[in-house]
Every structure is written in structure tokens, then in C-alpha cells.
Amino acid sequence: MKNWFYLILSATFIVSDQISKYWCNTNIQYYERISIVPNWLDLTLVYNKGVAFSMFSQASDWIHYIILTLALLICGYMVYYTFTNRFNNIQKIAGALIIGGALGNIIDRFLHGYVIDFLLFYHNSFSWPVFNLADSFISIGAFIFIFEGYAQQRRAY
């Protein structure tokens, strides 16, 4: 597949992430919970200064600048390797997911100083940290990337 396909794919992930965040930010009150699937999924608006799943959210501002710098460096690395034909097609899809997710969250940090999170999965007393589509894209992309790397090693033997 041509590289423009992966560019469009990354842009699609960014746009879907930003639209979902905009909708939640304009239609849900801060910390309001809207049940989507009872006892499993709620929408709740949270502003996250940390990284995925609210890690480092209470850290000092300089930690946030380091996190932003690392996100930009990782995104740059993924852009370079995804669009210079150094990855196979599966890795390029994973790269598009990671790029789209990372840029979606970076846009939030530049616009707001925090990331808009809104997906809350829970069951009874167990609750996963609130996250967004960009976090999902990054996690899925990383999983695919790791799995494909493992599969490549297995195919080499």
C-alpha cells in the first residue's frame, strides 16, 4: 500500500479522537457520568494533565514538559519509520494508530494544557482509569507493533 494511505489513516484517527473529545467537552459536565452500558461503560468528562490512564497527573509542570517532549520524539520516530518504507504493512497500520493517538493527545496539550478523557470502564467496585480514543489507538498500535515484531522473529527461524 502507498504511504498516503497510512497518512490518511493517521489523520482519520486524529479527527475521530478530536471530534469525540469536542462532543464530550461540550455536552457533558465535568465529572458527570452518563451510563452507556450499565455496570460496564460510562462517559465521564475528566481533564488529565498526566499521560495515558492518568499516570503522572499530579506531577510537577516540568515532568509534563518532559512527557510532551517524549511524545513528540516518539511520534517523530514513528512518522519517519512509517513513511520511509522501513516497516511492513502491519507495522505501518500500527504506526498510523500510534501517530494518530499521540498527535490527538498532543493537540489537546497545546490547546488546553491537558488531555480530555471520557471513557470509563468499570464493573461493580472495579474501575479502569478514565481514558480517550487516542489512548486506545496508542495502546492498540503498540500491541500490534509488539505482536508483529514477535511474529517476525518467529518467521525468521
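Below is a table of values for the structure above.
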{"item": "Segment 81-136: number of residues that are more than 16 Å from residue 19 (Cβ to Cβ), surrounded by fewer than 18 Cβ atoms within 10 Å (Cβ to Cβ) and β-branched (Val, Ile, Thr)", "result": "3"}
{"item": "Top-ranked residue of segment 62-110 - restricted to ones that are closer than 27 Å to residue 152 by Cβ and among the β-branched types (Val, Ile, Thr), ranked as farthest from the chain's Cα centre (by Cα)", "result": "84"}
{"item": "Pick from segment 137-157, criterion within 14 Å of the chain's Cα centre (by Cα) and among the small types (Gly, Ala, Ser), ranking: surrounded by the most Cβ atoms within 10 Å (Cβ to Cβ)", "result": "141"}
{"item": "Flag for residue 6 being touching a residue at least 60 places away in the same chain (Cβ under 8 Å), on the phi < 0 side of the Ramachandran plot and of a type in the set (Phe, Trp, Tyr)", "result": "yes"}
{"item": "Inter-residue pairs, beta-carbon under 7 Å, first closer than 27 Å to residue 99 by Cα and in segment 18-32, second surrounded by 11 or more Cβ atoms within 10 Å (Cβ to Cβ) and acidic (Asp, Glu), 6+ apart", "result": "21/108"}
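Throughout, read-outs are computed from the coordinates displayed, never taken from laboratory work. What you are looking at is a predicted structure, and each value in this text was computed from that prediction instead of being measured. Positions of Cβ are generated from backbone atoms using ideal geometry, with glycine treated the same way; all protein chains shown enter the neighbour counts.
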